[in-house]
Amino acid sequence: FAFAWPTFERWAATLRSRFNPAVGGSLAVVALLAVAVSQLAPAWLSKFGMASLALPGVTTATRLISVSLIVVLVGTSVAIGRVFTSRLILWLGMVSFSLYLTHETVLLGVVYSTAANPAWLLFAVALCFPIAWLFYKLVESPAHVFAKRIGVRKDASIAA
């Protein structure tokens, strides 16, 4: 992607100059629908009796193509790019690793303490986000600062 990115940007600029925004938006929607449909392809193939040996390869290929298409759309589409630079999405990106690290503990704690009551599960999902933010503020962010300090000291000693 890094080597081909200028080509993707040229193609996107060409599409933007040749079509009005409604057509470009429609093309993006069609591409996202193609991503969604491609994710169903392995399940459809197994229903039609395709060999199970081919299924992992098809699944991997459709996922790689889908992720690639999403990356290109997010990086080259003005409208989709705006969505991915909204404050909410940027905040979710900032706390995503902390959310990854803490969500299971929160969810399992609620499941085991409330017998998996659906109302409590909704509460637990909502609780994951402030817990992740706290973890980010108290653990992840200070760890980044500490790592940068160590890196600066190491670079200074190497330069000396």
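The values are calculated or read from the model by the stated rules, or taken from the named source; none is laboratory data. Just so it is clear, the structure is predicted and the values come from calculations on it, not from any experiment. Positions of Cβ are backbone-derived with ideal geometry, glycine not excepted, and every protein chain shown enters the neighbour counts. Protein only, heavy atoms only, side chains kept; ligands, DNA and RNA dropped before computing areas. Shrake-Rupley method; radii C 1.70, N 1.55, O 1.52, S 1.80 Å.
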Notebook entry, point to check: Which distance in nm do the two modelled labels at residue 13 and residue 30 give, with both placed 7 Å along the Cα-to-Cβ direction?
Noted result: 2.4
Note to self: Give me the percent of accessible area attributable to carbon and sulfur for the chain, probe 1.4 angstrom.
What the structure shows: 74
Notebook entry, point to check: Are there any helices in the chain, counted as whole DSSP H runs, that stretch 30 Å or more along their axis by Cα and score at least 0.5 on average by Kyte-Doolittle, and if so which?
Noted result: 21-47, 55-76, 87-114
Item checked: Residue-normalised accessible area of the stretch 1-115, expressed per residue, 1.4 Å probe, Å² -> 72
Notebook entry, point to check: Looking at (i) 66; (ii) 54; (iii) 32, which value of percent of Cα pairs over 23 Å apart comes from a calculation on the structure shown?
Noted result: (i)
Checklist line | Reciprocal mean inverse distance between Cα atoms of the stretch 3-43 - Kirkwood radius, Å | finding: 11.7
Next item on the list: Please find the FRET efficiency linking residue 44 to residue 74, where r is the Cβ-Cβ separation and R0 is fixed at 35 Å, and quote it to the nearest 0.05.
Entry: 0.85
Next item on the list: Compare 129, 146, 84 in a GNM of the chain, Cα atoms joined below 10 Å, and give the one with the largest fluctuation.
Entry: 146
Next item on the list: Along Cα→Cβ, 7 Å out, is where each label goes; now give me the distance between the ones at residue 117 and residue 101 in nm to one decimal.
Entry: 3.1
Checklist line | Positive-end extreme of charge dipole, the chain - chosen from 71, 4, 97 (charges on Cβ) | finding: 4
Item checked: As computed over the stretch 58-129, the Cα convex hull volume per residue (Å³) -> 136
Next item on the list: Pull out the extension gain between residue 149 and residue 87, defined as 0.36 nm times the separation in residues minus the alpha carbon to alpha carbon distance; nm, one decimal.
Entry: 19.5 nm
Notebook entry, point to check: For the chain, what does -39500 (n - 2.57) per DSSP helix run (n ≥ 4), summed and divided by total residues, give at 222 nm, in deg cm²/dmol to the nearest 500?
Noted result: -28500 deg cm²/dmol
Note to self: Quick check for me: using +1 on Lys/Arg Cβ and -1 on Asp/Glu Cβ, what's the dipole size of the chain about its Cα centre, in debye to the nearest 20?
What the structure shows: 400
